[in-house]
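Trainee: Input: one structure, supplied below.
Any read-out appearing in this document is the output of simple, stated calculations on the displayed coordinates, not a laboratory observation. Please read all numbers here as calculations on a predicted model, not as lab measurements. As a convention, Cβ positions derive from the backbone with ideal geometry for all residues, glycine included, and neighbour counts pool all protein chains shown.
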Amino acid sequence: MRKGEKTRDFIIRQAAVLFNQKGYFGSSISDLSRVTGMQKGSIESDDALPSLKEKTKMAMENFLELIRSLLRMGIEQGEFKEETEVQEMAIYITSVIEGGVMLSRLYEDNTYIRSNINRLLREIETYRMGN
């Protein structure tokens, strides 16, 4: 493996840990610089970030597909109303969770994710059969 490839792989591995902690949009180049020990210019000029963005998109798409699958299964089994918009609901669920995680990490207070989850559960309940 060439030096550039090693550097790119190192940045990706470190960024994965960072994104797991702060989320993709909650992380900055300064954060990435801190966890890699590299100067901002070195990271910004490296071609690893487009690759990392694609990997992040793939991971998010996999998560969205999992949510869509669960919703479709719930509709098929009669747990959720037929008119449930699967794609729209999957995006909404993911956004509420990710937003709560981001705020909780930013303010170092789990109240935000708990509040979002509680509200989300009430919202999901309105889509259940019999409601």
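Trainee: Quick one: the Cα spread of the chain along its three principal axes, in angstroms, biggest first?
Mentor: Dimensions of the chain along the principal axes of its Cα atoms: 60, 33, 16 Å.
Trainee: For the stretch 54-131, what class follows from the C-alpha gyration tensor (a ≥ b ≥ c being the square roots of its eigenvalues): rounded when a/c is under 1.5, otherwise prolate if a/b is larger than b/c, else oblate? Let's see the in-between values first.
Mentor: Values: a/c = 3.39, a/b = 1.38, b/c = 2.46.
Verdict is oblate for the stretch 54-131.
Trainee: What residues qualify as long-range amide H neighbours of Phe80, i.e. H under 5 Å apart, gap of 5 or more or another chain, H built at 1.01 Å from N?
Mentor: Excluding prolines and chain starts, which carry no amide H, the hits are Ile75, Met129.
Trainee: Run the numbers on the chain and let me know its relative contact order in percent, using alpha-carbon pairs under 8 Å that are six or more apart.
Mentor: Normalised by residue count, the contact order of the chain is 21 percent.
Trainee: How would you order 124-131, 70-77 from highest to lowest mean count of nearby Cβ atoms within 10 Å?
Mentor: Top to bottom by mean Cβ count within 10 Å: 70-77, 124-131.
Trainee: Quick one: if you stick a label point 7 Å off each Cα along the C-beta vector at Ile117 and Phe10, how many nm between them?
Mentor: Label at Ile117, label at Phe10, 3.7 nm between them.
Trainee: Also: I'd like the orientation of helix 3-22 relative to the chain: the angle between its Cα long axis and the longest Cα principal axis, in ° from 0 to 90, rounded to 10.
Mentor: 40
Trainee: What is the extension gain from Val86 to Phe63, computed as 0.36 nm multiplied by their sequence separation minus the C-alpha to C-alpha distance, in nm to one decimal? Working shown, then result.
Mentor: Values: separation 23, 0.36 × 23 = 8.28 nm, distance 1.35 nm.
Difference between extended and current length: 6.9 nm.
Trainee: Taking only DSSP H segments of four or more residues, each worth -39500 (n - 2.57), what value at 222 nm results for the chain once the sum is divided by all its residues, to the nearest 500 deg cm²/dmol?
Mentor: Calculated mean residue ellipticity at 222 nm is -25500 deg cm²/dmol.
Trainee: Counting only pairs 8 or more places apart or on different chains, how many lysine pairs in the chain have C-alpha atoms closer than 20 Å?
Mentor: Taking the Cα cut-off of 20 Å, the pair count is 9.
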